[in-house]
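**Q** Have a look at this one before I ask anything.
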Amino acid sequence: MTWRPKRPGRLIARILIGLLVVLLVLAVGGYFVINSRLTRIEALTDYDGRPADTPGTNWLLVGSDSRAGLTKAQRRKLATGSSVGRRTDTMMLLHIPDTGDRPTLVSLPRDSYVPIDGHGSGKLNAAYAYQDGGPKLLAKTVEKVTGLRIDHYMEIGFGGFVGIVDAIGGVEINVKQAIKDPKAGIDLKKGLQTMDGGTALGYVRTRATGAIPDFDRTQRQRQFFSAVVKKAASPGVLINPFRSIPLALSATDSVAVGEESGAFNLLSLGLAMGDNPVTTVVPVGSLPTINGEAVVKWDTAKALRMFDALAEDRPVPKDALGK
């Protein structure tokens, strides 16, 4: 008599359900582990005259030049220098619409000349560097000059930057021109290439290109940020535990978020960045020298049109996009 398994369809269904349960438990467990490891900082606070809430979700994304977590050997290898304290090296505003339209990623040049509470007018990144500044004053300054209420804040330093890129196996970047910059520790040829964390850090930091280096830097920063998120969200990373687990651990160890944000919000951020966002910069009106410093003055009319459109959850008019 030949033995036959009874109801093979039911056995397969049980196996599939069991696998789904295991995956669900791992996903939920991973969420709570990641959420508990996140560093949270006070960045978004209420104040008199704060912009009202508007449709869509606004993120303030900040890259600082903090050397925290880097050894002396790593600082030498990465050519980061040994400056103490923290300054903002990158500032971007990401608007995720409720309408399903493409997100908009706007670079805020660090030399933007703006009013800063308690300090008159100065460069935007000074709001972070002041002794009484930091994330709270920076976020407040951005809210006041854009008229947009910031919903989430995320910050990453040099060490975390390198760790995340290396965790996903590097990023593919199309370099528009050859760049040799000993100060940033890079010697790059023109063309498409895969960069490790140290090389990518030098690429977005260098000021050795263009007649207006800060604008070139903002373009490279947006290019890099999009490349990182695209790679991190790829199946080759997400379903590969040797990539996804180091990425999750590296991100939670190196990223600081506002007290209102958690792992689910970071997932939403990643999905938005993978949705082919419109990338631009605040429209610039002039580049004067004020009090001996070269600064960036926005084109007020175009900048207002840009931020008014985002406040109304509309695409930014093409003639209001920065070059």
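The values are calculated or read from the model by the stated rules, or taken from the named source; none is laboratory data. What you are looking at is a predicted structure, and each value in this text was computed from that prediction instead of being measured. Here the Cβ positions follow ideal geometry from the backbone for every residue, glycine too, while neighbour counts run over all protein chains shown. Each accessible area value is taken on the protein alone, full model and side chains, heavy atoms only, with ligands, DNA and RNA left out. Shrake-Rupley method; radii C 1.70, N 1.55, O 1.52, S 1.80 Å.
**Q** Which FRET efficiency value, to the nearest 0.05, is calculated for PHE264 and GLU312 with the Förster distance at 25 angstrom and r the Cβ-Cβ distance?
**A** 0.45
**Q** Mind checking the full-extension length gain between ASP53 and ASP319? Use 0.36 nm per residue of separation minus the Cα-Cα distance, one decimal, nm.
**A** Once the chain is fully extended between ASP53 and ASP319, it gains 93.2 nm.
**Q** Taking all protein chains together and a probe of 1.4 Å, list SER261, SER286 from the most accessible to the least accessible.
**A** My answer, sorted largest first, is SER286, SER261.
**Q** So, R0 is 35 Å and r is the distance between the beta-carbons of HIS119 and VAL278; what FRET efficiency does that work out to, to 0.05?
**A** 0.60
**Q** Shifting gears a bit: What are the ³J(HN,Hα) values, in whole Hz, obtained from phi via the Karplus relation 6.51 cos²θ - 1.76 cosθ + 1.60 with θ = phi - 60°, for each residue of the range 103-116 in sequence order, with x given for Gly and Pro?
**A** The phi angles translate into x, 10, 10, 10, 7, 10, x, 5, 8, 4, 8, 9, x, 10 Hz.
**Q** While we're on this one: Once you have the Kirkwood Rh of the range 197-323 from its Cα pairs, apply Stokes-Einstein at 20 °C and 1.002 mPa s and quote D in µm²/s.
**A** The diffusion coefficient I find is 123 µm²/s.
**Q** Probe radius 1.4 Å, ligands and nucleic acids ignored: give me the carbon and sulfur share of the accessible area of the range 113-168 as a rounded percent.
**A** C and S fraction of accessible area: 48 percent.
**Q** I would also like to ask the following. What does a probe at LYS183 reach in the range 127-164, counting residues whose amide N is under 20 Å from the point 7 Å along Cα→Cβ?
**A** Residues 129, 158-159 fall inside that zone.
**Q** Heavy atoms of the protein only, probe of 1.4 Å, neighbouring chains included. What is the accessible area of GLU293 in Å², nearest 10?
**A** Roll a 1.4 Å probe over it and GLU293 shows about 90 Å².
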